[in-house]
Amino acid sequence: MTDPRYGLPETIALIDDLHLGCSQVVGTYVMLGDDPVIVDPGPASVLPNLEAGLKQIGLSFSDLHGIALSHIHLDHAGATGSLVRYFPHLKVYVHHRGAPHMIAPDKLLRSATRIYGGQMDYLWGEFLPVPVDNIVTLGGGETLRIGGRALRVFDAPGHAAHHLIYFDESTGAAFVGDTTGLRMPGHTYVRPATPPPDIDLEAWRRTLDMLLSLNPRMLLLTHFGPAHDPERHIADMWDHVLRWAETVRVSLERGEEESAAEARLVALADADLGDVDEAMRRQYAQAGAVEMSWHGLARYWRKRMDAS
């Protein structure tokens, strides 16, 4: 479940969490060293696959010293509470805005259940609370010392208000979560991820400019794998964000039926994928549902319209 073909530094490993049995949809990074830390463990439903991937690189859950979360969405952070329950020594690094939802996830789970309904357990598994004593809150500006490396922490709103980017100065690798979208290995197309509730395009652009100022050598995407061409990747992702945002804005101004407006964005995203097989289309859809992205952008525009 680890793969040497990704071109990662020897101090970083990538585990394919095989979400719903599908490869290259959700990944967990491992910062190797004397005190290994994982970045985004994925949902609880993938824990057996994560355990198997760690075993491939000679580790077990008990060897881990911490969990660094890019943000608290279920596909990134869902397994955290389960891991801490069985391995209570683990520290959980999380944005201070996301920490309350990790400690008391009821509101987060109610919101997710409204979206996923009876599919919650199948898609994500259980989302257990994290004891407050295990939480290390971050807001950007910190430097973590992990495995002999300096890991700089940056506030990274845009995709979510509680998003962080971790920058490994020793390798030039940026752990970006969903900040730079979705991209499958071997492909150049970058799909945005713009789910509700707090998409903020202005903040997102500032985050991307900050990220570019770091001159990263690679972007480590949760969905999926490293991007070794950061400038081109970010430019492509942002171009799609703007096109998607404009498509949604026009649909709202015209008062289109929601189902028709969603279908319009899905068709645009499908066309952008180009000449790929159906399996790859399903892979991109599983990594980031375009219908969900429509709702995130619609909420963004409605908030702006209400404020004007």
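The values are calculated or read from the model by the stated rules, or taken from the named source; none is laboratory data. As the structure is a prediction and not an experimental result, all values here were calculated from the model. Cβ: placed from backbone, ideal geometry, glycine included. Neighbour counts: every protein chain shown.
So residue 111 clears everything in (1) surrounded by fewer than 20 Cβ atoms within 10 Å (Cβ to Cβ); (2) in contact with a helix residue (DSSP H, G or I) (Cβ under 9 Å, 6 or more places away or on another chain); (3) at pLDDT below 95; (4) of a type outside the set (A, V, I, L, M, F, W, C) except one condition, right? Which one?
It is condition (2) that residue 111 fails.
(1) β-branched (Val, Ile, Thr); (2) buried (at least 18 other Cβ atoms within 10 Å of the Cβ); (3) out of contact with any Phe, Trp or Tyr (no Cβ under 7 Å at 6 or more places or on another chain): which one isn't true of residue 248, the others all being true?
For residue 248, the failing item is (3).
For the list (1) more than 20 Å from residue 224 (Cβ to Cβ); (2) without any contact (Cβ under 8 Å) to a residue 60 or more places away in the chain, I need the number of the one condition that residue 299 fails.
Failed condition: (2).
Six or more apart or on different chains, Cβ under 8 Å: which pairs go from a residue in the range 103-118 that's closer than 13 Å to residue 196 by Cα to one that's modelled with pLDDT of 90 or more and of a type in the set (Val, Ile, Thr)? Could you list them?
108/72
Of all residues in the range 224-237, which are part of a helix (DSSP H, G or I) and out of contact with any Phe, Trp or Tyr (no Cβ under 8 Å at 6 or more places or on another chain)?
230, 231, 232, 233, 234, 235, 237
State which residue is surrounded by the fewest Cβ atoms within 10 Å (Cβ to Cβ) when the search covers only the range 227-241 and only residues that are farther than 13 Å from residue 182 by Cα and of a type in the set (Asp, Glu).
Here the residue is 231.
Does the range 192-225 hold any residues that are in contact with a Lys or Arg (Cβ under 7 Å, 6 or more places away or on another chain) and within 22 Å of residue 8 (Cα to Cα), and which are they?
221
Somewhere in the range 139-149, is a residue in a strand (DSSP E or B), of a type in the set (A, V, I, L, M, F, W, C), modelled with pLDDT under 95 and exposed (fewer than 15 other Cβ atoms within 10 Å of the Cβ)?
No, the range 139-149 contains no residue that is in a strand (DSSP E or B), of a type in the set (A, V, I, L, M, F, W, C), modelled with pLDDT under 95 and exposed (fewer than 15 other Cβ atoms within 10 Å of the Cβ).
If a residue must be out of contact with any Ser or Thr (no Cβ under 9 Å at 6 or more places or on another chain), among the small types (Gly, Ala, Ser) and either modelled with pLDDT of 95 or more or in a helix (DSSP H, G or I) (or both), how many such residues does the range 256-278 contain?
So the answer is 4.
Which one of these is among the basic types (Lys, Arg), in contact with a Leu (Cβ under 9 Å, 6 or more places away or on another chain), assigned to a helix (DSSP H, G or I) and within 27 Å of residue 74 (Cα to Cα): 281, 206?
Of 281, 206, the one residue that is among the basic types (Lys, Arg), in contact with a Leu (Cβ under 9 Å, 6 or more places away or on another chain), assigned to a helix (DSSP H, G or I) and within 27 Å of residue 74 (Cα to Cα) is 281.
Would a scan of the range 272-280 turn up a residue that is out of contact with any Lys or Arg (no Cβ under 7 Å at 6 or more places or on another chain), free of Cβ contacts under 8 Å to residues at least 12 places away in the same chain and either basic (Lys, Arg) or surrounded by 15 or more Cβ atoms within 10 Å (Cβ to Cβ) (or both)?
no
Before we move on, is residue 101 surrounded by 15 or more Cβ atoms within 10 Å (Cβ to Cβ), in contact with a Lys or Arg (Cβ under 9 Å, 6 or more places away or on another chain), of a type outside the set (S, T, N, Q) and under 29 Å from residue 290 (Cβ atoms)?
yes
Restricting to the range 240-259, and then to whatever is hydrophobic (A, V, I, L, M, F, W, C) and within 26 Å of residue 283 (Cβ to Cβ), can you tell me which residue is farthest from the chain's Cα centre (by Cα)?
248
So which residues in the range 156-184 are part of a strand (DSSP E or B) and within 16 Å of residue 39 (Cα to Cα), if there are any at all?
Passing the criteria: 164, 165, 166, 167, 168, 173, 174, 175, 176, 177.
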